[in-house]
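Asks: Please see the structure below; I have some questions.
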């Protein structure tokens, strides 16, 4: 008789969890063993010795500890757990970071229904699994090709900003124009414009108003 695969699902959207459970319930070889709505709930569940799951499906962005912090906790505590990341983020740096923290699979939410069952079975069997879009990103990276910047959590994006870019961003929120920023930071105007363009690209906004709103929303100022 085939051994059942038990799965724990963690995401901060109950409706998504219900959708994943509905997909899993279509396969007789897989069964649900609980779910969590926050990172803290995940940690609390797995910290109890009586709670075990063959596979954890884990979102990245969750309240009270995110997916990064959950995997860091597992590593610190020596918890060996098969983890599949289920996320809307497809930036190569995010994928690589999660892999370095020990995840065995990574599938995007936009086509999760096509991959969840296969991913669970592959990872439970000791293999890795990536949805097709994530495979493409990884293959380009491994081949040394330029990989376009994908979607990433805000805190991860902010960490990519240089000190000088942060200086420029803070002055933009104070309604400084480029000549004023150049004067305040002892930079050339062309250098300030380069920093501004980099900020627009990294933060994926269209203008200075968007930059200022992003800075305020994310407590940069």
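Quick note: the coordinates plus some simple rules give every number you see, no bench work behind them. Since the structure is predicted, the reported quantities are computational estimates derived from the model, not experimental observations.
Asks: Using only Cα atoms and rounding to the nearest 10 degrees, what angle (0 to 90) does helix 208-217 make with the longest principal axis of the chain?
Replies: 50 degrees
Asks: Round to the nearest 10 and give me the degree value, 0 to 90, for the angle of helix 67-77's Cα axis relative to the longest principal axis of the chain.
Replies: Computed tilt is about 60 degrees.
Asks: Per DSSP helix of 4 or more residues, -39500 (n - 2.57); summed, then divided by the residues of the chain. What does that give at 222 nm, rounded to the nearest 500?
Replies: Mean residue ellipticity at 222 nm (helix-derived): -14500 deg cm²/dmol.
Asks: For the stretch 161-217, how big is the tail of P(r) above 20 Å, as a whole percent of Cα pairs?
Replies: More than 20 Å apart: 11 percent of the Cα pairs in the stretch 161-217.
Asks: Among [x] 147; [y] 115; [z] 139, find the value of volume of the Cα convex hull per residue in Å³ that was calculated from the structure presented, and write down its label.
Replies: The listed entry that was calculated here is [z].
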